[in-house]
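The values are calculated or read from the model by the stated rules, or taken from the named source; none is laboratory data. Source: prediction; values computed, not measured. Cβ placement follows ideal geometry from the backbone for every residue including glycine, while neighbour counts extend to all protein chains displayed.
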Amino acid sequence: MYCPECGCEYREGFTECSDCHVTLRPGEPPDPLPDASPGPPRAVIENLELVPVLACGNAAQLALARGVLDDAGIPYLLNDYGASVSRLGEHGVYWGSSATIQVASDRAREAQALLAPFEEG
């Protein structure tokens with residue numbers, strides 16, 4: 001006997017999964033596919049058009065921007081190049097790490113509107 005939802009095995013005599021509360025099935029749970037992996041199929045990821053929506057060298061602003069996207073449910077790709085860059089700012093030269101956030105093209109306008117306050121001038 002096994003649960004069709006979670007795959008837990010049970011001894012004969014049980015009829016319902018104690019966690020999922022669904023009716024158990026006879027036999028053993030099916031083996032997962034050996035190449036199965038979570039997430040969308042690779043072809044979908046390869047054909048996804050990504051658009052850069054924020055380039056940032058300030059770690060605090062980057063963390064806040066990521067939080068905004070997380071709260072809005074917008075998946076993103078963070079390219080943290082890890083390269084040190086120097087910028088001439090109001091108070092002299094400072095060093096930081098350059099990073100770019102990219103989102104799927106169908107969510108780009110929404111993300112750009114949310115991230116507008118984080119654009120470095």
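Can you find even one residue in the stretch 62-74 that is out of contact with any helix residue (DSSP H, G or I) (no Cβ under 8 Å at 6 or more places or on another chain), modelled with pLDDT of 85 or more and surrounded by fewer than 10 Cβ atoms within 10 Å (Cβ to Cβ)? Yes, that holds for at least one residue. A search for C-beta distances below 9 Å between a residue of the stretch 60-84 that is at positive phi and in a strand (DSSP E or B) and any residue that is surrounded by 10 or more Cβ atoms within 10 Å (Cβ to Cβ) and at pLDDT below 85, counting only pairs 6+ apart in sequence or on different chains, returns Gly82/Ser97; Gly82/Ser98; Gly82/Ala99.
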